[in-house]
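Just so it is clear, none of the values below were taken in a lab; they were calculated from the coordinates. Everything quoted here is computed from the prediction, not taken from an experiment. Cβ coordinates were reconstructed from backbone atoms using ideal geometry, including for glycine residues, and neighbour counts include every protein chain displayed.
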Amino acid sequence: MSMFGDILGAVVGSVGQQGGGMGAIANVVGGLLANDGEHGGLGGLVTKFQQAGMGDVIGSWVGKGENLPISAEQLQQVLGSDAVSSIAQKMGVNPSEALGHLSGMLPGLVDKLTPHGEAPAGGLGNFGDLAGMLGGLLAKR
């Protein structure tokens, strides 16, 4: 497991050791949120949510206040079938399991990475920057 995987595991709690485990999940989440990831980083994810009519959901994760939940089905709608299949393959699980993990993990993680109620102007940075931000979150615990 990578250092990023260790940090992510501590921040978001333990996720079942099915399939590819926490290291694979960390790589996928890093790819979703980091600017150098294939999904356009947090800004790209916000855009996808807005295009799917769920801007209020991700807005609640970034903003201050209670995080709205997202179902696996809603996340499938946001990301699209091709992206979900790719994510599931990287995680070493089926698409339904991948969506279950991500729908439970993303609200809290995005919330913790945007503590001031807004996304950083330059996004969350690259994969290395994202690992550093998570490390900083842990130091404050």
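Quick notes on this structure:
- Here the simple spin-label model places points 7 Å from the Cα toward Cβ, and for residue 67 and residue 51 these points are separated by 2.4 nm.
- Listed values for the range 50-67 are Karplus-derived 3J(HN,Hα) couplings in whole Hz (6.51 cos²θ - 1.76 cosθ + 1.60, θ = phi - 60°), namely 5, 5, 8, x, 10, x, 5, 5, 5, x, 5, 6, 6, x, 7, x, 5, 7, and x replaces Gly and Pro.
- Using 0.36 nm per residue and subtracting the Cα-Cα separation, the extra length available between residue 94 and residue 112 on full extension is 3.8 nm.
- Our coupling estimate for the range 110-118, obtained by passing each phi through the Karplus curve with A = 6.51, B = -1.76, C = 1.60 and θ = phi - 60°, is 4, 4, 5, 7, 10, x, 9, x, 8 Hz, Gly and Pro reported as x.
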